[in-house]
Amino acid sequence: MFSALLTPRSNAEAAAPAQAAEPLPEWNLADLYPAIDSPQVAADLAKAAQEVAQFAKDYRGQVQSLAQGANASAELGAAVQRYEALQDLLGRLMSFAGLLYSGDTTDPVRAKFYGDVQEKVTNASAQLLFFQLELNRLDDATLMAAASKEPLSRWKPWLEDISKEKPYELEDRLEELFHEKYISGAAAWNRLFDETIASLRFKVGGEQLAIEPTLNLMQDLRKETRREAAEAIGQTLKNNLRTFSLITNTLAKDKEISDRWRGFEDVADSRHLSNRVEREVVEALAQAVEAAHPRLSHRYYKLKAKWFGQDALDYWDRSAPLPATPAKRYSWPEAREIVLEAYSGFAPRMAEIAGRFFEKNWIDAPVRPGKAPGAFSHPTVPSAHPYVLLNFQGKTRDVMTLAHELGHGVHQVLAARQGALMAPTPLTLAETASVFGEMLTFRALIAQAPDKAQKRAMLASKVEDMLNTVVRQMAFYAFERKVHQERREGELTADRICELWMSVQGESLGPSIRLGPGYETFWAYIPHFIHSPFYVYAYAFGDCLVNSLYGVYQNAHEGFAERYFALLEAGGAKPYGELLKPFGLDARDPAFWNIGLKMIEGLIGELEAMEDAA
């Protein structure tokens with residue numbers, strides 16, 4: 001339940017750098033609860049159990065009669081208001097437990113607390129499942145007639161939205177069983193993955209390192225260090241491949257059972273439904289990106305290999321810093337100033353909201369043993385505020401990650417006004433503010449580049465980030481599709497999963513990247529495959545969409561910020577097609593995706609022009 005709320009950022013080998021010297025901020029979760037042993041936690045757990053039971057007693061089996069009554073809008077409106085308040089309360093409890101756990105997944109006290117809260121919240125929320133099911137069994141005309149009047153009209157977008165799930169819903173007792181079995185099923189395997197990854201140690205340079213600092217060393221200036229880190233990752237993952245293969249097989253089968261019972265045809269259809277996006281739109285994106293491989297990743301890595309004086313790069317050199325370019329390091333105050341100034345240059349309101357995260361300790365920045373890898377912004381609940389987790393260590397990429405996650409945070413703050421039922425944004429638009437924030441920050445950084453070498457390094461870094469976000473994430477999507485499709489025919493061996501991984505990686509990266517022994521296991525540490533199957537295409541969707549949005553912004557600044565904030569404030573209250581209309585964009589148009597891909601192409605062209613001029 002917790003992981004589904006996150007927007008984790010982990011572009012495979014691109015990870016956080018080595019520990020910065022200055023103290024970094026740690027979040028203060030007291031806005032949720034004062035402490036793990038706070039009486040308020042116990043009181044809210046008891047309150048949730050009591051109020052959920054009362055809600056079920058008041059409304060189970062009564063929704064249809066309420067909808068047909070003379071005061072349908074008022075009575076259903078009161079029921080939805082109570083339901084929304086319960087979702088906020090349960091979400092607050094789960095957010096606190098999940099954030100606390102992510103701070104150190106190896107701490108048995110936190111792990112037990114997280115597991116206990118998750119179990120109680122799941123049990124409570126199981127008793128609420130009937131409400132949506134009964135709403136969706138109402139005649140559409142009856143429900144919409146009630147929703148056309150106050151107070152129920154406030155939640156009309158939510159009622160229209162949940163109706164999309166109607167064809168795939170089961171009868172009440174089956175839904176409750178699926179919901180409760182989650183704790184001992186998918187959630188347990190998710191937790192096993194998290195705790196296994198957090199406990200692994202990789203031997204590099206005589207040290208035993210956790211996954212984050214080891215991944216960082218693949219961006220080290222020294223080739224031998226990059227090679228040693230890559231080989232340590234490959235070997236350690238290989239030593240644990242039996243566990244990771246079992247987790248992958250079990251979760252894929254668990255998803256297949258759910259899909260079969262609910263009537264989803266394609267392996268990714270349930271994700272498309274939760275994203276509120278048509279399968280054809282995602283297929284058009286996948287086809288456009290695959291067709292662009294020669295113009296994007298193949299072309300760029302050929303150029304990068306040339307910079308290194310080679311015909312092809314070893315896979316551990318794919319994210320290497322450019323030769324003869326000193327790596328720029330940023331302190332935390334510098335990173336803060338860069339991002340906030342970039343945001344302010346677009347709109348002071350955006351910088352003001354982002355500034356709260358620094359001022360009020362809503363960010364957890366340092367690398368710590370046992371801390372969740374990567375980065376995310378968790379929205380928590382509308383009655384509180386988001387929190388950002390980073391593994392900040394001072395490289396340019398970390399500044400971009402800060403901009404990315406703060407974009408999420410701004411989006412989540414603005415959408416909170418929609419309430420607990422309509423604030424959550426589908427993944428297709430969830431990356432909009434994050435990638436836009438990155439683009440603003442990138443443009444600010446490159447404008448400050450002191451010389452041609454630094455400008456080239458920044459351009460190259462941006463291209464690599466965009467390739468990671470678009471080409472590699474869609475390759476991840478292709479890999480997941482292969483795994484889940486084959487799992488429908490039977491269990492996959494570890495070797496077979498590795499073969500599928502290598503097949504999509506080789507095609508997406510192209511002939512200028514040598515995928516040697518050891519790389520075949522790199523699928524095993526990527527959390528998206530475990531926590532959120534098929535999540536990854538949302539990154540590519542968001543990047544291409546934002547590239548198009550940014551093009552609109554460049555061509556016409558006037559009025560853009562107002563339309564942009566309206567998009568963010570809508571949360572999940574409007575479908576993505578309606579939100580893009582004011583910008584003249586239509587993602588259903590197959591040609592739409594080429595607009596975003598051409599922006600990446602243009603940046604690669606800039607790098608080639610700099611090379612020719614040298």
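The values are calculated or read from the model by the stated rules, or taken from the named source; none is laboratory data. Here the structure is a predicted model, which is why all the values come from computation and not from measurement. Heads up, the Cβs are rebuilt from the backbone with ideal geometry, glycines too, and the neighbour counts pull from every protein chain shown. Surface areas here come from the heavy atoms of the whole protein model, side chains and all, with no ligands, DNA or RNA. Shrake-Rupley method; radii C 1.70, N 1.55, O 1.52, S 1.80 Å.
Would you please calculate the Kirkwood hydrodynamic radius of region 257-342 over all C-alpha pairs and express it in Å, rounded to one decimal? When all Cα pairs of region 257-342 are included, the Kirkwood radius is 17.7 Å. Taken over region 147-272, the ratio of Cα radius of gyration to 2.2 N^0.38 Å equals 1.61.
In the chain, helical runs assigned H by DSSP with n ≥ 4 each contribute -39500 (n - 2.57); averaged across all residues and rounded to the nearest 500, the mean residue ellipticity at 222 nm is -19500 deg cm²/dmol.
The convex hull drawn around the Cα atoms of region 284-432, when projected onto a plane and averaged over every direction, covers 12.2 nm².
Straight-line reach from residue 149: which lysines fall under 20 Å, measuring Cα to Cα and dropping same-chain residues less than 8 apart? Reachable lysines: 574. With the convex hull of its Cα atoms as the shape, region 515-605 has an orientation-averaged projected area of 8.7 nm².
One compactness figure for the chain is 0.95, namely its Cα radius of gyration divided by 2.2 N^0.38 Å.
Taking Cβ atoms as reference points and 13 Å as the exclusive limit, the residues near residue 168 contribute a net charge of -3, counting Lys and Arg as +1 and Asp and Glu as -1. The heavy atoms of residue 612 present about 120 square angstrom of accessible area, all protein chains included, probe 1.4 Å. Cross-link partners for residue 255 among the lysines, with Cα-Cα distance under 21 Å and sequence neighbours closer than 8 places in the same chain left out: 164, 166, 181, 482. 3J(HN,Hα) along region 564-575, derived from phi through the Karplus expression 6.51 cos²θ - 1.76 cosθ + 1.60 where θ = phi - 60°, amounts to 5, 5, 4, 4, 5, 5, 5, x, x, 7, 9, x Hz, with x in place of Gly and Pro. The share of alpha-carbon pairs in region 419-496 lying farther apart than 19 Å comes to 61%. Residue 271 sits among other residues whose Cβ lies under 14 Å from its own Cβ, and their net charge, with Lys and Arg +1 and Asp and Glu -1, is -3. For the pair region 343-395 / region 236-297, the C-alpha centres are spaced 29 Å from each other.
Taking a ≥ b ≥ c as the square roots of the eigenvalues of the Cα gyration tensor, region 325-403 is oblate, since a/c reaches 1.5 or more and a/b is not larger than b/c.
Once you order the gyration tensor axes a ≥ b ≥ c over the Cα atoms, which shape class does region 293-360 get: rounded for a/c under 1.5, otherwise prolate or oblate by comparing a/b with b/c? In terms of gyration-tensor shape, prolate. Over all other residues within a Cβ to Cβ distance under 15 Å of residue 517, the charged ones net out to -3, with Lys and Arg as +1 and Asp and Glu as -1. Cross-link check: pairs 238/462; 120/238; 395/452; 238/306; 304/598; 306/462 evaluated at a Cα-Cα cut-off of 28 Å; pairs beyond the cut-off: 238/462; 120/238; 238/306.
Considering only DSSP beta bridges with both partners in the chain, what is the antiparallel share in %, to the nearest 5? If I count the DSSP bridges inside the chain, around 65 percent turn out antiparallel.
With the convex hull drawn over the C-alpha atoms of region 27-72, the volume per residue is 111 Å³.
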